[in-house]
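Encoded as structure tokens, the structure appears first; notes follow it.
The values are calculated or read from the model by the stated rules, or taken from the named source; none is laboratory data. All values derive from a computational prediction rather than experimental measurement. Cβ placement follows ideal geometry from the backbone for every residue including glycine, while neighbour counts extend to all protein chains displayed. Just the protein is used for accessible areas: all its heavy atoms, side chains included, with ligands, DNA and RNA removed. Shrake-Rupley method; radii C 1.70, N 1.55, O 1.52, S 1.80 Å.
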Amino acid sequence: MAQEDLFKKLIAHCKEYGYVFPSSEIYDGLSAVYDYGQYGVELKNNIKKYWWDSMVLLHENIVGIDSAIFMHPTIWKASGHVDAFNDPLIDNKDSKKRYRADVLIEEQLAKIEGKIDKEVEKASARFGEMFDEAQFRATNGRVLEYQIKWDELHNRFAEALNNADLVELKQIIEDQEIVCPISGTRNWTEVRQFNLMFSTEMGSTADGSLKVYLRPETAQGIFVNYMNVQKSGRMKIPFGIAQIGKAFRNEIVARQFIFRMREFEQMELQFFVRPGTELEWFEKWKQLRIKWHQALGFGNENYKFHLHEKLAHYANAAVDIEFKFPFGFKEVEGIHSRTDYDLSQHQKFSGKKIQYFDPELNESYVPYVVETSIGVDRMFLQIMAASYHEDTVEDNNGQKETRVVLRLPAPLAPVKLAVMPLIKKDGLPEKAREIIEELKFDFNCQYDEKDSIGKRYRRQDAIGTPFCVTVDHDTATDNTVTIRYRDSMLQERVQISQLRELISAQVGFRTLFKQLKD
Ligand code: ATP
């Protein structure tokens, strides 16, 4: 299936099966805002639990907080967001559509990469097993031509971004003859900076109200609480503070479903270290975080690191973890070595001392920070995209049919098991309910008696339930049930008393956590 079709199907599936709805849908929606439905919220909570426990439970030197969304406006001055949290935007005068200038140029770079890949693909088909891709890339005339073009454009683009040179960005768009995908014209406005922070007013006093911002990242709530946590928790460096919470960005172009939203959720860790050790910790967190992703079993080849050449003003190293979404490799998580920038800025702007006395060195310093920052919603999209499958299976009459199955990792699945009486009489529903009454303390269970067993299995496959338990006439006499496994569709007969242990072993986070060991 073409990746574009897959993505469309995935969005439709999310809506049809109660995972994600467009916000305010009966009023025609609100751009780039989404609501999570009855299964979506369960999956989201499980993702958050996987992250939170992997930080706070598995590391004795990491604690969590939950800071407010509203914060003193000077915080955003100190952090640089008031002056520098901008994206370069450009409008097409004919279509009246707005674009991010940097994204237009990045797409142009991707186009050139695509041409190179096509050459490689063609040659690979021609030469078959004899094909040496590395040598072809290094020597083929056409590939080298494209590569030179890519390098030139990339260097020019990086320099323009580093210098925040808006005139040059516009010039690049003109020189590359980039057209608006809607109007097809090159009738562009100048490039302007656009601040991504939402603001609102707080209170109403005679002197006027206070302009406050909806936080664009959760990190600052951690930095301004650094001293509170360090002192009250008697934390010793190195230590980390984790937080999960909403963030808001007035994104210029909001596309690709929940990949880029205006209201989203972040899971951030700020890890405080001794100055000079930050790059070691950066490497360590890079490895720990990729393991966290890979433990889910979606295939290691679907992840890659993307090292930043252009560093934010506060960083001395930065890398993204990218996942292969249906629309290409894109960032899900950023790992940044933020130096002592944030704490120093807050020390300066607040006039309060923000330091750590290191008893081993017998000196005080402003700690350095390594941050890991991941979007819950992007993680959600990654999991849904990787889990969505259409299998061809045979029905009872030997006819081929398509089954849509969400192969969600069992610990993340919203519903862990469905219990189904084979028919709606002879005491089978009561027996099924009895099983649920026992297991609901441990697992999210669902009772389903409507339609044929086959149809009920399909329904559970579509929401990703890993186990279906069927109660039949034998159950009453021998206390056994049929358990059916979502991915293999295999069925086996087990004692009711075995169910709890059997399911626990699969849906607990234990096996995932064991893979995260250093
Ligand atoms: P991008 O380059 O895609 O705009 P970013 O580099 O600005 O992202 P960060 O500021 O590093 O992102 O934020 C950390 C994480 O928060 C990202 O890796 C992503 O998972 C998530 N995130 C950022 N912006 C959004 C958004 N608008 N919608 C959903 N998730 C987001």
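Listed values, structure above:
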quantity: At R0 = 22 Å, FRET efficiency that the Cβ-Cβ distance of Q294 and A12 yields, to 0.05; calculated: 0.15
quantity: Enclosed volume per residue, in Å³, of the convex hull spanned by Cα atoms of the chain; calculated: 225
quantity: Fully extended contour minus Cα-Cα distance, from Q38 to I182, at 0.36 nm per residue; calculated: 48.2 nm
quantity: For the range 408-517, alpha-carbon Rg over 2.2 N^0.38 Å; calculated: 1.05
quantity: Carbon plus sulfur fraction of accessible area for the range 408-517, probe 1.4 Å, in percent; calculated: 50
quantity: Portion, in percent, of the accessible area of the range 1-150 that falls on carbon or sulfur, probe 1.4 Å; calculated: 52
quantity: Zone residues, the range 239-259, relative to S23, backbone N less than 18 Å from point 7 Å out along Cα-to-Cβ; calculated: 245-259
quantity: Once the Cα gyration tensor of the range 86-194 is diagonalised, semi-axes √(5λ) in Å; calculated: 33, 16, 10
quantity: From the C-alpha gyration tensor of the range 285-428, square roots of 5λ in Å; calculated: 48, 20, 12
quantity: Separation in nanometres of the label points that stand 7 Å from Cα toward Cβ, at L30 and V253; calculated: 2.4
quantity: Average Cα contact separation per residue, the chain, under 8 Å, 6 or more apart, as relative contact order %; calculated: 14
quantity: Amide hydrogen neighbours beyond the local backbone of F325, cut-off 5 Å, H modeled; calculated: K330
quantity: Extension reserve of the N225-F327 stretch, reckoned as 0.36 nm per residue once the Cα distance is removed; calculated: 32.9 nm
quantity: Given K324/K416; K77/K246; K9/K324; K48/K111; K15/K97; K284/K304, the pairs whose alpha carbons are separated by over 24 Å; calculated: K324/K416; K48/K111; K15/K97
quantity: Under-5 Å amide H pairs with L58, H placed in peptide plane, nonlocal only; calculated: none
quantity: Peptides 37-50, 440-453 ordered by average Cβ neighbours within 10 Å, highest first; calculated: 37-50, 440-453
quantity: Using alpha-carbon coordinates, inclination of helix 40-52 to the longest axis of the chain, degrees; calculated: 60
quantity: Partners for K231 among aspartates and glutamates (Cα-Cα distance below 15 Å; same-chain residues under 8 apart left out); calculated: D358
quantity: Sorted peptide list for 269-279, 191-201, criterion being average Cβ within 10 angstrom, highest first; calculated: 269-279, 191-201
quantity: Antiparallel DSSP beta bridges within the range 408-517, percent to nearest 5; calculated: 55
quantity: Over the chain: helical MRE at 222 nm, DSSP H runs n ≥ 4 each giving -39500 (n - 2.57), nearest 500; calculated: -11500 deg cm²/dmol
quantity: Paired Rg and Dmax values of the range 164-238, which use every Cα atom, in angstrom; calculated: 22.3, 61
quantity: Theoretical gain in end-to-end length, N302 to E145 [0.36 nm per residue, Cα-Cα removed]; calculated: 53.7 nm
quantity: Charged-residue dipole, Cβ positions (Lys, Arg, Asp, Glu), the range 408-517 about Cα centre, Debye nearest 20; calculated: 500
quantity: Estimated FRET transfer efficiency (S488, M197; beta-carbon r; R0 56 Å; 0.05); calculated: 0.70
